[in-house]
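Engineer: Structure incoming, see below.
Taken together, the values in this text are just the output of simple stated rules run on the coordinates, not laboratory data. Just so you know, these numbers come straight off a predicted model, no measurement behind them. Every residue, glycine among them, receives a Cβ derived from its backbone with ideal geometry; neighbour counts consider all protein chains shown.
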Amino acid sequence: MMRKVRGRWSLGLGLGVAALLGLAPLVSASGAARSDAAEPVESSSLPALTSFNKVSLGDGFVETLYAADAARHPKVIAVRVDAAAMKSLPSAPSHDGQTCFDKDGDGINLETDCASGHERDLWLPKLNGLPFKWLMFNWQMHGHGPTHVFDKPHFDLHFFIQDFAARNQIRTGPCNLVINCDDDAKAKKTVPAPYAPEGWGLPGAAGRMGNHLIDPNAAPANGDPFTQAFAYGTWDGHITFWEPVLNKDWIVATKPSAACRSIPQTPAVEKSGYYPTQMCTRYGSNGDMTFTLEKFVERTAPAGAEAPAEATGTSTQSEAVQQHH
């Protein structure tokens with residue numbers, strides 16, 4: 001089974017990332033991530049959501065929203081793409097130029113020298129125990145590699161634990177998905193047990209993000225249809241972001257009222273807080289799309305755990321927005 005899966009990955013990530021084939025899967029020796037991530041779970045009605053941050057996208061907008069309990073612990077964290085944006089998502093060029101590297105020294109070509117599609121950075125509220133600080137939203141018009149896996153139009157939602165300024169220090173370059181080659185090695189540094197999802201590995205590292213790890217036995221890597229998937233992001237041996245991946249054509253075609261699935265959990269976390277155990281995609285009657293992280297549970301990091309390092313001596317826009325709200 002694993003040999004067949006590796007054969008699928010060998011079709012390539014695009015943008016010259018054949019070097020990823022030598023990357024061994026990440027294995028944890030002290031426990032496994034839950035394997036029910038592909039199974040649908042019961043949905044629940046949403047509480048009232050409060051809009052937090054909104055930025056333009058196409059002729060509309062994308063925004064972050066939230067619901068919290070009386071103690072300001074997170075109940076729901078949401079991302080909404082309004083109907084106007086869903087009908088006018090950026091189409092040309094394929095990338096907006098935020099993650100690029102001039103490989104040939106002849107100037108930036110937005111089609112061949114860039115990754116990340118169209119990016120929007122949004123901030124998340126400073127809720128008690130919420131480990132995520134900000135969102136890197138990406139609209140990928142043509143998808144990306146591997147072929148027959150993530151090569152459909154889709155949304156990448158990077159919920160970052162890593163500080164915004166620290167993320168900005170991950171350089172672009174000629175390796176893998178437009179990442180500096182030294183930073184590529186740092187991004188792929190093994191996350192130690194018990195903080196790693198057992199058996200997860202490819203597809204690989206990207207500039208201004210870090211490494212990406214997925215379950216090779218879960219859809220769409222195993223050949224099952226691409227609807228909504230999940231990845232963990234890493235940098236310098238730490239889990240730095242959680243990433244749901246949503247097939248835009250599936251959302252528009254099936255118009256899910258609430259398509260929910262469990263989020264696979266690592267055996268332990270490096271930072272104590274409230275973590276979501278369910279993700280849901282909803283298509284509104286007016287044509288908008290709302291994605292949610294739900295069913296938060298409190299998790300305590302073991303003694304000696306070290307959370308991802310933050311940039312020192314730097315105040316971030318994320319912190320300013322959080323404090324303002």
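Engineer: Treat each spin label as a single point 7 Å out from the Cα along the C-beta direction, and report the Glu298 to Val252 distance in nm.
Structural biologist: Spacing of the two 7 Å Cα→Cβ label points: 4.4 nm.
Engineer: Which of rounded, prolate or oblate describes segment 86-128 when judged by the alpha-carbon gyration tensor and an a/c cut-off of 1.5?
Structural biologist: Since a/c reaches 1.5 but b/c is at least a/b, the shape of segment 86-128 is classed as oblate.
Engineer: Can I ask one more? Starting from the 7 Å offset along Cα-to-Cβ, what nm value, one decimal, do you get for the label separation of Ala48 and Met141?
Structural biologist: About 4.0 nm, to one decimal.
Engineer: Order of 125-138, 207-220 by packing, highest average Cβ count within 10 Å first?
Structural biologist: Result, highest mean first: 207-220, 125-138.
Engineer: Right, here's the next one. Just order 171-183, 58-70, 85-97 by mean Cβ neighbour count inside 10 Å, highest at the front, would you?
Structural biologist: 171-183, 58-70, 85-97
Engineer: Same structure, new question: Amide H of Asp151: which non-local residues (sequence gap of 5 or more, or other chain) have their own amide H closer than 5 Å, using H built in the peptide plane?
Structural biologist: Excluding prolines and chain starts, which carry no amide H, the hits are His144.
Engineer: Continuing with the same structure: Distance in nm between label sites at Asn168 and Ala305, each 7 Å beyond Cα in the beta-carbon direction?
Structural biologist: Each label point lies 7 Å from its Cα, and together they span 2.8 nm.
Engineer: Asp288 to Ala84: extension gain in nm, 0.36 nm per residue of separation minus the Cα-Cα distance?
Structural biologist: 72.7 nm
Engineer: Amide H to amide H under 5 Å from Gln278: which residues, 5+ apart in sequence or cross-chain, H placed 1.01 Å off N in plane?
Structural biologist: Ile263, Glu294
Engineer: Ranked by Cβ crowding within 10 angstrom, fewest neighbours first, how are Val269, Val55 ordered?
Structural biologist: The order, fewest Cβ neighbours first, is Val55, Val269.
Engineer: Quick one: order Ser116, Ser285, Ser272, Ser262 by neighbouring beta-carbon count within 10 Å, fewest to most.
Structural biologist: By the 10 Å Cβ count, ascending, the order reads Ser285, Ser272, Ser262, Ser116.
Engineer: Go ahead and run the numbers for FRET between Thr112 and Ala193, Cβ-Cβ distance against an R0 of 51 Å, rounding to 0.05.
Structural biologist: The value I calculate is 0.85.
Engineer: Further question on the same structure: Using mean Cβ contacts within 10 Å as the protection proxy, how do 300-311, 189-200 order, highest first?
Structural biologist: Peptide ranking by packing, descending: 189-200, 300-311.
Engineer: Determine ³J(HN,Hα), in whole Hz, for all residues of segment 171-184 in sequence, where each value follows from phi through the Karplus function 6.51 cos²θ - 1.76 cosθ + 1.60 and θ = phi - 60°; x replaces Gly and Pro.
Structural biologist: 3J(HN,Hα) across segment 171-184, in whole Hz: 7, 7, x, x, 8, 6, 8, 6, 10, 4, 5, 5, 5, 4.
Engineer: Moving on to the next point. Going by how many other Cβ atoms sit within 10 Å of their own, how do Ile263, Ile251 line up, fewest first?
Structural biologist: Ile263, Ile251
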